[in-house]
């Protein structure tokens, strides 16, 4: 998501993320409005909340779940955290260790070190649950 690897999500990063999800005609004013919703520079945490709100009502959660399911042939609903970390840091648009660790802040990881990808998919598409 952070194409220039500066630790923050900017307008071009948002445009690229939308494009990767198949939405290529996002208007600049829509992106500007989204950036203005943030209280400051957009890091991964803030990005999940802002972008998740924009994806509500789409099939993105199912798409993300299907991607994780490919790595879970036994259908357990979880994948080893270290395995996911190695994949994310070595394949395609490689993530840094810091980026992966930021993602894990929103993930449910059990005592055996397995990532609950269903819960993470929800957070990615709907934003972080608000505590009341």
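The values are calculated or read from the model by the stated rules, or taken from the named source; none is laboratory data. Keep in mind that what you see is a predicted model, and the values were worked out from it rather than measured. Neighbour counts run over all protein chains shown; Cβ positions are idealised from the backbone, glycine included.
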Here are 120, 88, 115: which of them is within 20 Å of residue 21 (Cα to Cα), in contact with a helix residue (DSSP H, G or I) (Cβ under 6 Å, 6 or more places away or on another chain) and either in a loop (DSSP other than H, G, I, E, B) or at pLDDT 85 or above (or both)?
-> 88
Does any residue of segment 6-13 turn out to be in a loop (DSSP other than H, G, I, E, B), surrounded by 12 or more Cβ atoms within 10 Å (Cβ to Cβ) and touching a residue at least 60 places away in the same chain (Cβ under 8 Å)?
-> yes
Specify which of the listed residues (57, 52, 22, 7) is at pLDDT below 85 and within 19 Å of residue 94 (Cβ to Cβ).
-> 7
May I ask you to say which residue of 89, 103, 95 is in the same structural domain as residue 67 (by TED's automatic domain parsing), under 18 Å from residue 3 (Cβ atoms), more than 14 Å from the chain's Cα centre (by Cα) and surrounded by 11 or more Cβ atoms within 10 Å (Cβ to Cβ)?
-> 89
For segment 14-28, which residues satisfy the criterion of being farther than 13 Å from residue 47 by Cβ and either in a helix (DSSP H, G or I) or not assigned by TED's automatic domain parsing to the domain that holds residue 42 (or both)?
-> 15, 19, 20, 28
